Amino acid sequence: MDFELSEEQVLLKDSVDRFVQDNYSPDDRLKLSQTELGFSRDHWKTMAELGWLGMAFPEEVGGFGGGAVETMIMMESMGRGLVLEPFVSTVLLGGALIAEAGSEEQIESIIPSVIEGQTMLAFAYAEPQSRFNLNDVETTASKSGDGYVLNGTKSVVYHGGTADKIVISARTSGESRDADGISLFVVDREAAGMDVRAYRTVDGQRAADIRLENVSVGADALLGAEGAAAPVIEKITDRAIGALCAEAVGAMAAANDITNEYLKTRKQFGIPIGKFQVLQHRMVDMYMEAEQSKSMSDMAAMKLDLGYENDTKRAVSAAKSQIGKACKFVGQQSVQLHGGMGMTDEYSIGHYFKRLSTIEMLFGNTDYHLNRFSALS
Amino acid sequence: MDLSFTDEELAFQAEVRDFLEKNLPADVKDRYERGLHFTKEGQVRWQRILNEKGWLAPGWPVEYGGTGWTATQKYIFSQELGRASAPPPIPFGINMVGPVIYTFGNQEQKDLYLPRILNSDDWWCQGYSEPGSGSDLASLQTKAVRDGDDYIVNGQKIWTSHAQHADMIFCLVRTDSNVKQQEGISFLLIDMKTPGITLKPIIGLDTEHTLNEVFFDDVRVPVKNRIGEENKGWTYAKFLLGNERTSIARISQSKLKVKKLRDIAASQRVSGGLLQDDADFMRKLNQIDVDLMALEYTELRMLSRIQKGEPLTAEPSMLKIKGSDIQQALTELSVEALGLYGAAYESQEIREGRNDQNFAPDYANGPMAEHLYLRAASIYGGSNEIQRNIISKMVLGL
């Protein structure tokens, strides 16, 4: 057993930490989140040059062969700065799905370009009725000649407005909510029939709702075997959840540091408010939640690297539900301890609160994962 | 002990219900129901409708334009407002400065300001908090120095809700720095158009403009705009805070939200069923409903004591703590009801506060805005930590 980082891992962590320190002051982040694009293409280029965009891909598809632990290290550091670039959407979701399920041809035509920072991806899985059930897919893909025609609605597709290609889950057979019969397609965002409506999200990022109206794709758009995508989606989603957990750990650590500092400097009744016992105990509870979260995130990453068994799924759900609870507590109390300052958009703490709140809901909220944990036990 | 309403009270309830049904403007109701910020025009229009009926300020004495209702009638009225999705009046005039003016003001002040409050001619805001004095309100620094018939005011207020709409601000200012903090404060009514006053918007977590900073730079305020005696302002301030704490429990609004959430749960399609089939979600909703019931009956017990002439001490602090806890739990659950669509929030400036252009349900935008905005409920009006201090000191003697 070893929770310590290897030398290479320490170097990776230092390099992401430095990037965050240099580019993600609260002011920088706020300004970037308010631009039309919502992130920086220059940063994306830097991330590609530093090799981060290839880190999570296996060597056989041209990546650096890093595992969930490397991803965890990067995401934790990015969480500290609330990094806005579409790393999860492009690399950990879209890219990972293609690397996992794609044909040699698909991998070769897309993954190198992702690693170089040329192609951005997104994953459209949720639908208005699906809530957190990945198998609740009503979007259809019907055979048509050599290819397929897609129809349906996809909701809250993170970075769907800026991705070059979007991986879309659609039903090729079966009843709504059957695990069998779900397929994945790689579709150009600008393909005819794609009605992509982008908007800002509460956590300062960008998402899109997508209506597919008779979107025609060739047979080469199908990712993996027809009708057999559910296990792939579950696996890649679980890895993304592991990454989000790590992001949350970084964000919580930063939120706690900022709040702790505030307690030491803000004076009321002639003394720093950190001298009040009620606030000390609250801060201690926040610290403990963050530490418990770090343990769960590390555990989930290590288990994800050991393989993908029932036990791994349980570990991911356990981590997500514990961290979801912690996200809410740390986020809300950080705002509370800042008083009015915490309520302003200009000050950084609220942005941590907002991102932590969305992480709690993404890919299933606390209740959802506690239930999944219980069902898998 | 008797919980039932008399025939007269039931008739009164029917009258209120009927009035609200016929007179509450649909647009005002719609915004309020969806948890969106009001428009000034809509709010004023609605307050004038209530005032015309004589129902804008049920708590005021009859001689100043109140209703003369019993505590039970006031309770029924506020419940009916909630039931009808009718926004309550903006509190700064009606619940805060109005009672200070008719209790401590002179005749001239009563004659001038009270009718204008009732007719919504003046929109008031509250100049209490300062950058250095949040919970420690008495440490405020804004100075008022006497110069003939005027005070010259210099300083800064912060967290001033809706100041951008305001015609008047009631302010706590320091008129004596050489005495115990609480003994050197005066209570001034200041016209927002006076030269030297500037506003700076504070954009909130919800990315809406509700809060402001207010700067005073050599602002001349006539001495006749002072309430009561010089340096006795703390007495009036505390009186006002007591009223504020009761009104920010927002019980009838929370009841409305419970009902709305039950409607959503019964109609929101979720993974092959309805949201109301989700046992976790419903358990949380029912827990809040029970907590709210406990709060409501606590409020009724207090009303009954007031009706018997027994004074309250720190009990309003309890209403504030529990009321804000419940409001926050409710807005959190409203966001949870949306699933992933909780993330798809954009502020009013960007898209009129609606999600229509996306494929989310029509009510998708309000909950997140309100969830973010109401994180302040456990902060404003004296943070919940401070309220607990008050209860431990005044009720428990600790």
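The values are calculated or read from the model by the stated rules, or taken from the named source; none is laboratory data. As the structure is a prediction and not an experimental result, all values here were calculated from the model. With ideal geometry, Cβ positions are generated from the backbone for all residues, glycine too; neighbour counts draw on all protein chains shown. Just so you know, the surface numbers come from the protein's heavy atoms only, side chains and all, with ligands and any DNA or RNA stripped out. Shrake-Rupley method; radii C 1.70, N 1.55, O 1.52, S 1.80 Å.
Just a few scattered comments:
- Ratio of the Cα radius of gyration of chain A to 2.2 N^0.38 Å, where N counts its residues: 0.99
- For A:Leu362, solvent-accessible area (1.4 Å; no DNA, RNA or ligand), Å²: 10 Å²
- Loop-located GluC sites (Glu not before Pro) in segment A:18-120 whose Cβ has at most 14 other Cβ within 10 Å (DSSP): A:Glu36, A:Glu116
- Between the alpha-carbon centres of segment A:136-161 and segment B:23-68 there is a gap of 48 Å.
- Cubic angstrom per residue, convex hull over Cα atoms of the protein assembly as shown: 173 Å³
- Inter-chain shielding of B:205-212 (mean C-beta neighbours from other protein chains, 10 Å cut-off): 4
- Segment A:313-377: radius of gyration and largest Cα-Cα distance (Dmax), Å: 13.8, 44
- Applying D = kT/(6 pi eta Rh) to segment A:139-219, where Rh is the Kirkwood radius over alpha-carbon pairs, T corresponds to 10 °C and eta to 1.306 mPa s, the Stokes-Einstein value obtained is 122 µm²/s.
- Surface accessible to a 1.4 Å probe, B:Val145 within the full protein complex, Å²: 80 Å²
- Shown here for segment A:249-348: GluC sites (Glu not before Pro) in loop regions (DSSP other than H, G, I, E, B) with at most 16 other Cβ atoms within 10 Å, namely A:Glu309, A:Glu346.
- Shape of segment A:1-115, Cα gyration tensor, a/c cut at 1.5: oblate
- Cα centroid separation, segment A:6-55 to segment B:70-96 (Å): 52 Å
- Antiparallel %, DSSP beta bridges [both residues in segment B:178-301], to 5: 90 percent
- When the Cα convex hull of segment A:221-377 is projected onto planes of every orientation, the mean area is 11.2 nm².
- Note on segment B:125-237: Kirkwood radius taken over Cα pairs, Stokes-Einstein applied at 37 °C and 0.692 mPa s, translational D equal to 235 µm² s⁻¹.
- Taking a sphere under 11 Å around the Cβ of A:Phe64 and counting the other residues whose Cβ falls inside, with K and R at +1 and D and E at -1, yields a net charge of -3.
- Annotation note: chymotrypsin sites (Phe, Trp or Tyr not before Pro) in segment A:1-105 located in DSSP loop regions with a Cβ neighbour count of at most 13 within 10 Å are A:Phe3.
- Normalised by the number of residues in segment B:137-176, the mean separation of alpha-carbon contacts (under 8 Å, six or more apart) gives a relative contact order of 48 percent.
- The mean count of C-beta atoms from other chains within 10 Å of the C-beta of residues in B:379-386, rounded to a whole number, is 4.
- Heavy-atom accessible area with a 1.4 Å probe sorts B:Met293, A:Met296, largest first, into B:Met293, A:Met296.
- Computed over chain B: relative contact order in percent, which uses C-alpha pairs under 8 Å that are six or more apart: 13 percent
- When B:Ser186, B:Ser135, A:Ser357, A:Ser374 are compared by accessible surface with a 1.4 Å probe, the order from highest to lowest is A:Ser374, B:Ser135, A:Ser357, B:Ser186.
- A cut-off of 5 Å between modelled amide H atoms, ignoring neighbours fewer than 5 places along the same chain, links A:Arg206 with A:His159, A:Thr201.
- Cα gyration tensor shape of segment A:203-259, rounded if a/c is under 1.5, else prolate or oblate by comparing a/b with b/c: oblate
- Backbone N under 15 Å from the A:Glu116 label point (7 Å along Cα→Cβ), restricted to segment A:19-47: A:45-46
- Taking every DSSP beta bridge that has both ends in the protein assembly as shown, the antiparallel portion is near 85%.
- With all protein chains modelled, accessible area of B:Trp123 [1.4 Å, Å²]: 20 Å²
- Hydrophobic long helices, here whole DSSP H runs in chain B with Kyte-Doolittle means of at least -0.5 and Cα atoms spread over 20 Å or more along the helix axis, are found at B:251-267, B:279-307, B:315-337.
- Residues of segment A:246-283 buried by at least 40 Å² on assembly (accessible area, 1.4 Å probe, chain alone as reference): A:Arg266, A:Gln268, A:Phe269
- Largest to smallest in accessible area, the residues B:Asp289, A:Asp311 fall in the order A:Asp311, B:Asp289 (1.4 Å probe, all protein chains included).
- Cα Rg over Rh - segment B:121-177, Kirkwood: 1.00
- Taking the protein heavy atoms of the protein assembly as shown in the context of the full set of protein chains, the accessible area attributed to carbon and sulfur is 51 percent at 1.4 Å.
- Here B:Asp147 and B:Met394 are evaluated by their C-beta separation; at R0 = 51 Å the FRET efficiency comes out at 0.85.
- Rg over Rh for chain B works out to 0.97, both radii taken from alpha-carbon positions and Rh defined as the Kirkwood radius.
- Measuring nothing but how far apart in sequence close Cα pairs (under 8 Å, 6+ apart) lie, relative to its length, chain A scores a relative contact order of 16 percent.
- Environment charge at A:Tyr158 (Cβ cut-off 10 Å; Lys +1, Arg +1, Asp -1, Glu -1): 0
- Per residue of A:124-135, other chain Cβ atoms within 10 Å of the residue Cβ number 4 on average.
- Between segment A:193-259 and segment B:240-301, the alpha-carbon center distance in angstrom: 32 Å
- GNM result for chain A, Cα springs below 10 Å: residue of A:Arg18, A:Arg29, A:Arg200 fluctuating most strongly: A:Arg18
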